[in-house]
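Presented below is the structure to which this report refers.
The values are calculated or read from the model by the stated rules, or taken from the named source; none is laboratory data. Keep in mind that what you see is a predicted model, and the values were worked out from it rather than measured. So basically every Cβ, Gly included, is an ideal-geometry build from the backbone, and we count neighbours across all protein chains shown. When the accessible area is computed, the model is the full protein with side chains, heavy atoms only, and any ligands, DNA or RNA have been set aside. Shrake-Rupley method; radii C 1.70, N 1.55, O 1.52, S 1.80 Å.
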Amino acid sequence: MRARSILYLTGVLAGAPLAAQSAARPGIAVLNLRFDGEHANVLEAGDTAVVRAATSRLLAALRASDHVRLVDSGSVAVAVAAAEADGNPCDNACARAIARQLGARWVTKGTVSKTSNLVWILSAQLLDAATGRVVLADGYELKGDAARMAPAGAHVFAQRVERAIREHGAGPVDP
């Protein structure tokens, strides 16, 4: 019995620093990347799959980070859908409001635009949910196989987001 109690206590104490680290990491809400085919020379059925793959890579990279805590993507999607119920897309003010509503200090949003089958552009931003300041605004020209390049670009953006958050601190969000 005593050995079990010691093991339990050891497990609880060992887990405490991990819980504290998790709580200390600033929250980030990631809005799904949007597809923009307005200037594409040809639209194809698989174009939106490219954007979904890029969003998945962005989420996976930030989820794996030791420096940020990813807000549940389902909760973000529900909040975005509610905000866009009036037919207007979620702009920066909307993104900030969603991040604050979900307790996130930071929010990312972006667009993947197709110009041709070989050239796509990923444009994304990191916003400070408390101040509204754009902390990072990136644009990547993705050339080649879009199914590979768009997720790769999203991964690079995630790395830059993580670095920017480390550099700008993790202050609390005012409700």
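Below are the figures for this structure:
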read-out	value
Residue in the stretch 136-148 that is modelled with pLDDT of 95 or more and farther than 19 Å from VAL51 by Cβ present	yes
Hits in the stretch 54-101 (condition: farther than 24 Å from GLY153 by Cα, in contact (Cβ under 8 Å) with a residue 24 or more places away in the chain and out of contact with any helix residue (DSSP H, G or I) (no Cβ under 6 Å at 6 or more places or on another chain))	SER75, ALA93, ARG100
Test: residue in the stretch 27-45 that is under 16 Å from ALA158 (Cα atoms), modelled with pLDDT under 95, of a type outside the set (Lys, Arg) and part of a loop (DSSP other than H, G, I, E, B)	no
Qualifying residue in the stretch 63-82 (condition: over 15 Å from PHE35 (Cα atoms), in a strand (DSSP E or B) and either open to solvent by 60 Å² or more (accessible area, probe 1.4 Å) or of a type in the set (Asp, Glu) (or both))	yes
